[in-house]
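The values are calculated or read from the model by the stated rules, or taken from the named source; none is laboratory data. Please read all numbers here as calculations on a predicted model, not as lab measurements. Using ideal geometry, Cβ is built from the backbone for each residue, glycine included, and neighbour counts are taken over all protein chains shown. What goes into the accessible areas is simple: the full protein's heavy atoms, side chains included, and nothing from ligands, DNA or RNA. Shrake-Rupley method; radii C 1.70, N 1.55, O 1.52, S 1.80 Å.
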Amino acid sequence: MRLWLNRTGEVSLREQLITQVVLGILCHELAPGQRLPSTRDLSRRFGIHANTASAAYRQLESEGWVELRHGSGVFVRTSRPDTPLSPEMAIDHMIVDLAGKARKLGASHALLTARLRRWLALEPPARWLVIEPDPELRRVVITEMQQALSLPVIGCSPEECCKPSMLEASITTVLPSKAAAVRKLLPPGNELTTLKVHPVTAELQTHLERYMPEHSTDLVGIASRWADFQRIAQTMLVAIGLAPECLLVRDATKPGWKRGLEAASAVVCDAAIAQELTSECFPIVFRLFDESSIADLRAREEAVMAAGTN
């Protein structure tokens, strides 16, 4: 097996050596029982310190890839480790395997690189990315989208949204009030989907008009991690005639927040908290997205997925 080390790269020489030995074993370029170059040979060939090579071999031994035989050298173990490969190593394995097959076909390195870049450019987004500074509001948005859509949904703050690892293969989304600020942060050409939400006040009014006034003296709970939801729900309930002493407001970021909610005749909550309430609670769930908003998101998702099959 041919080893090579990049002395100007960001990856340490030790890590480069470890990765190449593991990939050599996985791709059968290094056979079980095969003797590896000594630390002295590696030091002389690549101009690295013997301690660097020795540290790499010790890590490979601790992970179960090689065995150090005193007085004989370093040898590939006859059996592979039982522990699964890291995602990074698994992908490296697939790339090395692809490169090996390309060489057997007579394909040049330039052709392989060009074809990989082409397919990566054509790869459709594989997830939704919700960009929202309030982590609790972000949690609610993600929950509702996960319940309605097929692709995975993740979230991040505006400060994190420009990281390549975040934007890669993502359909970026934002709430209307943050759209202008987030658009300035994104790289040019990155498409941003503005989520269509309906006002908290109007939605709660619709729910509560059906619930009141026959329950106007009942104990009613309010539960959310989202502080604005707690405030708006409390204001709305008092406005439609519920006495403040009839409200049991629970901040779900605090320990023991579920205590007493089972005694309430209903609990006004968001979609994320609704999943955490006990079966004794009757939830009145406010949703940010109505059916038309969800239909628009599904259409966007279907278009993206269809583009990936063409």
Open item on the list: Taking the criterion of being free of Cβ contacts under 8 Å to residues at least 40 places away in the same chain, outside any helix (DSSP H, G or I) and either loosely packed, with under 11 Cβ neighbours inside 10 Å or touching a Pro at 6+ places or on another chain (Cβ under 6 Å) (or both), would at least one residue in region 93-105 satisfy it?
Closed with: yes
TODO: Among residues belonging to region 143-180 that are free of Cβ contacts under 8 Å to residues at least 24 places away in the same chain and in contact with a Leu (Cβ under 8 Å, 6 or more places away or on another chain), point out the one that is least open to solvent (accessible area, probe 1.4 Å).
DONE: Ala179
Task: Residues that are more than 30 Å from the chain's Cα centre (by Cα) and open to solvent by less than 40 Å² (accessible area, probe 1.4 Å), drawn from region 25-37 - done: Ile25, Leu30, Gly33, Leu36, Pro37
Task: All positions within region 242-274 that are open to solvent by less than 50 Å² (accessible area, probe 1.4 Å) and part of a loop (DSSP other than H, G, I, E, B) - done: Leu242, Ala243, Ala252, Gly256, Trp257, Gly260, Ala264, Ser265
TODO: Just name the residue that is most open to solvent (accessible area, probe 1.4 Å) out of those in region 181-197 that are over 23 Å from Ser292 (Cβ atoms) and free of Cβ contacts under 8 Å to residues at least 24 places away in the same chain.
DONE: Lys184
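Residues checked against (1) under 22 Å from Ile95 (Cα atoms); (2) more than 32 Å from the chain's Cα centre (by Cα); (3) surrounded by 14 or more Cβ atoms within 10 Å (Cβ to Cβ):
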| position | (1), (2), (3) |
| --- | --- |
| Val11 | yes, no, no |
| Gln16 | yes, no, yes |
| Gln20 | yes, no, yes |
| Thr39 | no, yes, yes |
| Leu42 | no, yes, yes |
| Gly47 | no, yes, no |
| Gln59 | no, no, yes |
| Ser62 | no, no, no |
Open item on the list: Any residue at all in region 216-227 that's of a type in the set (Gly, Ala, Ser), modelled with pLDDT of 90 or more, open to solvent by 20 Å² or more (accessible area, probe 1.4 Å) and under 22 Å from Leu261 (Cα atoms)?
Closed with: yes
